[in-house]
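The values are calculated or read from the model by the stated rules, or taken from the named source; none is laboratory data. Owing to the predicted nature of the structure, the values given are computational and were not obtained by experimental measurement. Because the Cβ atoms are built from the backbone with ideal geometry, glycine has one as well, and the counts that use them run over all protein chains shown. Surface areas here come from the heavy atoms of the whole protein model, side chains and all, with no ligands, DNA or RNA. Shrake-Rupley method; radii C 1.70, N 1.55, O 1.52, S 1.80 Å.
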Amino acid sequence: MNKKLQTYVTLVDFLAEFMGENTEVVLHDMTDWHHSVVAIRNGHISGRKVGDPITETNLRILRSEVHKKVPYMNNDPKKFKKKESIKSASWFIKDENEVLIGMICINSDCHDLITARELLDKMIRPPLVETAIREKGPDKINIDVKELVDNNLNHISRDLLKKLKLLSKDEKVELVGKLDEMGTFSVKGTIWYLAKCMGVSVPTLYRYLSLTKK
């Protein structure tokens, strides 16, 4: 290990103890790519151990030279051992000449938190469509389409409406599936309004809906 990184080992232990067993904390020596991992806690998240080489993600960070512009960064979501809910961030360690010599990477497995959030959403979500049908009958539904879609989007994730056009195709398909499960599209006009919000055509949104059925 680079001697200048030895003082950061205690920080790795501190962060791991504070964050708990669902958060992996890794100290990388960027001067030795073949044995980059010099300290690690909760390595079961990624399956790595001390002495392992640098990851492709860290190589991309190094090549991008983003460390010359910012002191730390939030990374793109990672997948470890088929887990798809890893929140990740990297903090850059530089020497007196501003040369990158190490990184502390934090990888938190948020699967349990996401499951808990979805369970709470199901418990507190107001059944807008079902309530309207029960009270007024199928021929007398009078629901504001915009309010219905906006409310259901908000129940899935706050401020989601502002991010719709930035979502990838797969994210949009997944979102359409969730809205369909909530009964959103049983109200006339919701397909048209959501397509406009997403920045896609109505036929495209129908294709997304058919993909969720499959």
- Task: Beyond 26 Å between alpha-carbons counts as too far, so tell me which of K146/K172; K68/K172; K87/K165 fall in that bin.
- Result: K68/K172
- Query: For the chain, which span is the longest to avoid every loop-located (per DSSP) member of GluC sites (Glu not before Pro) having at most 10 other Cβ atoms inside 10 Å?
  - Reply: 99-214
- Task: Report ³J(HN,Hα) in whole Hz for each residue of the stretch 6-18, in order, from the Karplus equation J = 6.51 cos²θ - 1.76 cosθ + 1.60 where θ = phi - 60°; Gly and Pro get x.
- Result: 4, 5, 8, 4, 4, 5, 4, 5, 4, 4, 5, 5, 6
- Could you pull out the trypsin sites (Lys or Arg not before Pro) across the stretch 169-210 that fall in loop regions by DSSP (anything but H, G, I, E, B) with no more than 12 other Cβ atoms inside 10 Å? K188
- Task: Please work out the Cα center distance from the stretch 1-63 to the stretch 162-208, rounded to the nearest Å.
- Result: 40
- Task: Would you pull out the residues with amide H under 5 Å of V37's amide H, same chain only if 5 or more places away, H placed 1.01 Å from N?
- Result: D29, G51, D52
- Item | Qualifying trypsin sites (Lys or Arg not before Pro) for the stretch 1-97 [loop in DSSP, other Cβ within 10 Å: at most 12] | K49, K69, K81, K82
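Provide the per residue accessible area, probe 1.4 Å, for the stretch 1-46, rounded to a whole number of square angstrom. Intermediate values should be presented prior to the final figure.
Numbers: 2540 Å² over 46 residues.
Here the per-residue accessible area is 55 Å².
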- Task: Could you tell me the largest-minus-smallest coordinate of the C-alpha atoms of the chain on each of the three principal axes, in descending order and whole angstroms?
- Result: 75, 32, 30
